[in-house]
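Chemist: One structure, as structure tokens, below. Some questions next.
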Amino acid sequence: MQLVVARIGRAHGIKGEVTVEVRTDEPELRLGPGAVLATEPAHAGPLTIETGRVHSGRLLLRFEGVRDRSAAEALRNILLIAEVDPEELPDDPEEFYDHQLMDLDVVLGDGTEIGRITEISHLPSQDLFIVERADGSEVMIPFVEEIVTEIDLEEQRIVIAPPPGLIDESEAEVASARDTDGSARDTDGSAEDTDGSAEDAADQAKDAADDAKKGDA
């Protein structure tokens, strides 16, 4: 089966390198030197990776035959596609390939439906599930254990425990008001610490997504 493993971003420097938005958990395998990748649109490929390196937290690639900035800039926004065996699974049972998670339903612990995973974004700081809601809007769910509490491939669903404000911004306002009550914070410090880590992950996800958009602007 064919899977999108990256999207080409802007040119970097003058020697044909490009930034890429990684969309695979195994960039060293899918995006290593010598890898031959199909493209979308198809007429732009196939592209063979000549070199790769990490610079300031972003992966930079150079493709065979691409030698200057103009040629690199012409590749912007092209999707890179790899052939993957659909039966292939990660060695670690706690790891998942993107194709295993795509289109899974996202629900809360009480069964409330949030939406469906339509995209997985691999940012430098963490991975994000892009979830499409019933009304067509999107919400970003950080793929961290404090928030993603269960992945059930048989039931085709992911259970999340989002911090206040991740799904509904009005909840963030209520949580902020509660935080002004010092006695409430002192009642259960351990629980607050757990919630805080999830909230930090959510804040980092939003910041990382904003940075990624600025980087490709």
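Taken together, the values in this text are just the output of simple stated rules run on the coordinates, not laboratory data. In this text the structure is predicted, and so the values were computed from the model without any measurement. Using ideal geometry, Cβ is built from the backbone for each residue, glycine included, and neighbour counts are taken over all protein chains shown.
Chemist: What is the list of residues in the stretch 83-103 whose amide nitrogen lies under 18 Å from a point 7 angstrom out from the Cα of residue 29, following Cα to Cβ?
Modeler: 83-102
Chemist: Counting other Cβ atoms within 10 Å of each Cβ, which GluC sites (Glu not before Pro) in the stretch 26-123 have at most 10 and sit in a DSSP loop?
Modeler: Passing both the DSSP loop test and the Cβ count: 87, 88, 94.
Chemist: Hey, for a label at residue 74 modelled as a point 7 Å past Cα toward Cβ, could you say which residues of the stretch 30-54 have their backbone N under 12 Å away?
Modeler: 44-45
Chemist: How large is ³J(HN,Hα) for each residue in the stretch 155-164, as worked out from phi by the Karplus curve 6.51 cos²θ - 1.76 cosθ + 1.60 (θ = phi - 60°), to whole Hz, x for Gly and Pro?
Modeler: 8, 6, 8, 10, 9, 10, 10, x, x, x
Chemist: Which whole-Hz couplings ³J(HN,Hα) result when phi for each residue of the stretch 141-146 is put into the Karplus expression 6.51 cos²θ - 1.76 cosθ + 1.60, θ = phi - 60°, listed in order with x for Gly and Pro?
Modeler: These are the phi-based 3J(HN,Hα) values: 10, x, 8, 10, 5, 5 Hz.
Chemist: Something else: Would you mind calculating the gained length between residue 125 and residue 54 on full extension (0.36 nm times residue separation, minus the Cα-Cα distance), in nm to one decimal?
Modeler: Result: 24.2 nm gained on full extension.
Chemist: Still on this structure: Which length gain, in nm to one decimal place, applies between residue 157 and residue 15 when the Cα-Cα distance is subtracted from 0.36 nm times their residue separation?
Modeler: 46.7 nm
Chemist: Under 5 Å between amide hydrogens, which residues at least 5 positions from residue 23 or on another chain qualify, with H placed 1.01 Å from N in the peptide plane?
Modeler: Here the answer is 6, 7, since their amide H atoms fall under 5 Å of that of residue 23.
Chemist: So if each residue of separation counts as 0.36 nm, and I subtract the Cα-Cα distance between residue 135 and residue 100, what length gain in nm does that give?
Modeler: 10.2 nm
Chemist: Kindly provide the GluC sites (Glu not before Pro) of the stretch 125-158 that DSSP labels as loop, not H, G, I, E or B, and whose Cβ sees at most 14 other Cβ atoms within 10 Å.
Modeler: Sparse-neighbourhood loop GluC sites (Glu not before Pro): 145, 154, 155.
Chemist: Given contacts defined as C-alpha pairs under 8 Å and at least six residues apart, what's the relative contact order of the stretch 8-130, whole-number percent?
Modeler: 26
Chemist: State the Cα centre-to-centre distance between the stretch 67-141 and the stretch 9-50 in whole Å.
Modeler: 17
Chemist: Something else about it: Could you go through the stretch 47-63 in sequence order and give the Karplus-derived ³J(HN,Hα) for each residue, using 6.51 cos²θ - 1.76 cosθ + 1.60 with θ = phi - 60°, rounded to whole Hz, and x for Gly and Pro?
Modeler: In residue order, the calculated couplings are 10, 10, 6, 8, 9, x, 7, 9, 9, 6, x, 10, 7, 10, 10, 10, 9 Hz.
Chemist: Mind putting a number on the dipole of the stretch 11-86 about its Cα centre? Charges go on the C-beta only, +1 for Lys and Arg and -1 for Asp and Glu, and I need it in Debye to the nearest 20.
Modeler: That gives the stretch 11-86 a dipole magnitude of about 380 debye.
Chemist: Report, by chain and number, residues whose modeled amide H sits under 5 Å from the one on residue 104, excluding near sequence neighbours (fewer than 5 apart, same chain).
Modeler: 117
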